[in-house]
Amino acid sequence: MEKTIVQFILDNIFLFLPLGATGIIATIVLLFLPKQEASQKYEDVKPDVMTFLKIRLNIYMGVYLFVWIMMVIIGVLSDFLIPTLIGGIIAAVPLIVLMLSELKTKKQKVS
């Protein structure tokens with residue numbers, strides 16, 4: 001059994017290298033493959049907000065918060081405490097940016 005995640009990745013580098021390269025190539029192909037549509041479609045935009053225990057929460061933030069909490073719980077219950085803390089802090093950055101952008105847009109007036 002491997003002692004660390006880094007050792008596991010280094011031992012299986014020939015497995016992860018083609019997977020990573022395939023992911024990068026697929027992303028580049030999908031980036032340049034679609035064609036632009038000539039006509040623009042306008043859709044009725046509805047807010048992505050759900051109410052949970054009298055708290056209004058963005059759906060995307062709720063899903064991301066759920067995944068983040070599950071990641072932290074699974075990491076704490078395993079033997080990887082320090083990587084969980086570091087990964088939890090790094091994974092919390094988009095959550096914090098979502099909250100700050102929501103606060104900033106609430107303060108701005110729409111003209």
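The values are calculated or read from the model by the stated rules, or taken from the named source; none is laboratory data. Predicted, not measured: the structure shown is a model, and the values here were computed from it. FYI the Cβ positions are ideal-geometry reconstructions off the backbone, even for glycines, and counts take in every protein chain you see. Keep in mind that these areas ignore ligands, DNA and RNA; they rest on the heavy atoms of the full protein, side chains included. Shrake-Rupley method; radii C 1.70, N 1.55, O 1.52, S 1.80 Å.
Assorted remarks:
- Some residue of the stretch 40-60 being out of contact with any Ser or Thr (no Cβ under 8 Å at 6 or more places or on another chain), open to solvent by 90 Å² or more (accessible area, probe 1.4 Å), modelled with pLDDT of 85 or more and assigned to a helix (DSSP H, G or I): no
- Hey, GLY23 touching a Gly at 6+ places or on another chain (Cβ under 9 Å), open to solvent by less than 90 Å² (accessible area, probe 1.4 Å) and either aromatic (Phe, Trp, Tyr) or assigned to a helix (DSSP H, G or I) (or both) or not: no
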